[in-house]
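Read through the structure below, which is laid out as structure tokens, and then see the notes.
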Amino acid sequence: MHTATATASLDKPAHTRLELFRSSSPSERTVVHVGPVAIGGNRPAIMAGPCSVESYEQVFSTAEAVKAAGATILRGGAYKPRTSPYDFQGLGIEALEILSQVRGETGMPVVSEVLSTDDIEIVADHVDMLQVGARNMQNFALLKRLGQLQKPVLLKRSPAATVKEWLLAAEYILAGGNGHVVLCERGIRSYDPQLRNTLDLAGMALARQLSHLPVIADPSHGTGRSDLIPVMSRAALAAGADGLIIEVHPDPANAMSDGMQSLDFGAFARMMGELGW
Ligand code: PEP
Ligand code: MN
């Protein structure tokens, strides 16, 4: 008896015994509330909207279309982390104002990315959930500051992070006192040039097994291809995802960012029908 206890505690370094992300039993699940929407409850939460906010009309028409198809949270980027500094960087504050107006008109809570500690206050004032993008998963200054808020955070996995690194990034937010964290698997880097990323459903399932936090999947960034979104959405839900986040645009071919991995309104509605919404 004593030997087993001693071995177990030696196996775990002192700090891991404190890890707040861990679940003590499979039935211990956290539910994160984003406005009226529960993430981690009985029904998966569907978030949808454009990669980037481009105009009021674009966001309003998308919100109406995705809401009619069953999505309950609106996504839209105001500050965009682009690979090239010459690509569209987002409309910034103007985009936040559009999101907040459409949220008032449709009743849909909004999630949008915060890129920098400088912008936390203004983003938090306009949205219901703050997204930490894949490129910022280990921006510890940002994570620590988000830990001081009492607002939901959507923490995307870096394309090169292990599941443990991802969960320890969540730990920074939890340790600061903000327990409203949702994890998002958005694909990891692999070697096939036909796939922007590879949606790691095993990593998603492992994160959900190790942690009580809700875990959602992003089949848009996880594949880079609109034609694979329906099948990977189905697969993610079958693997236990607590929700999905999907890029939807009125005219994907002319989107300012990520058109290749965005569904148009008809394709999104068809997919939701196939998923049983
Ligand atoms: C996005 O959601 O548009 C985005 C930039 O996501 P990621 O950080 O996963 O690349
Ligand atoms: Mn995008």
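Taken together, the values in this text are just the output of simple stated rules run on the coordinates, not laboratory data. Note that the structure is a prediction, hence the values are computed from the model and not measured. All Cβ positions, even for glycine, are placed from backbone atoms using ideal geometry, and neighbour counts span all protein chains on display.
Table for the structure above
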{"quantity": "Inter-centroid distance (Cα atoms) of segment 125-178 relative to segment 205-277, Å", "calculated": "21 Å"}
{"quantity": "In the chain, lysine pairs closer than 29 Å at Cα, eight or more apart or cross-chain", "calculated": "14"}
{"quantity": "Interatomic Cα distance distribution for the chain, bins of 5 angstrom, percent", "calculated": "1, 6, 13, 18, 20, 17, 12, 6, 3, 2, 1, 1, 0, 0"}
{"quantity": "Rh by Kirkwood over Cα pairs, then Stokes-Einstein D for segment 229-277 at 0.692 mPa s and 37 °C, µm²/s", "calculated": "288 µm²/s"}
{"quantity": "Among beta bridges that DSSP assigns inside the chain, antiparallel share in %, nearest 5", "calculated": "15 percent"}
{"quantity": "C-alpha long axis of helix 2-11 to longest principal axis of the chain, angle in °", "calculated": "40 degrees"}
{"quantity": "Residues 268, 88, 21 arranged by fewest to most Cβ contacts within 10 Å", "calculated": "88, 21, 268"}
{"quantity": "Ranked 91, 244, criterion: other C-beta atoms within 10 Å, fewest first", "calculated": "91, 244"}
{"quantity": "Angle between the chain longest axis and helix 56-69 axis [Cα atoms, degrees, rounded to 10]", "calculated": "60 degrees"}
{"quantity": "Exposure proxy order (Cβ contacts within 10 Å, fewest to most) of 190, 262, 55, 226", "calculated": "190, 55, 226, 262"}
{"quantity": "Nearest 10 degrees, 0 to 90: helix 163-176 Cα axis against the chain principal axis", "calculated": "90 degrees"}
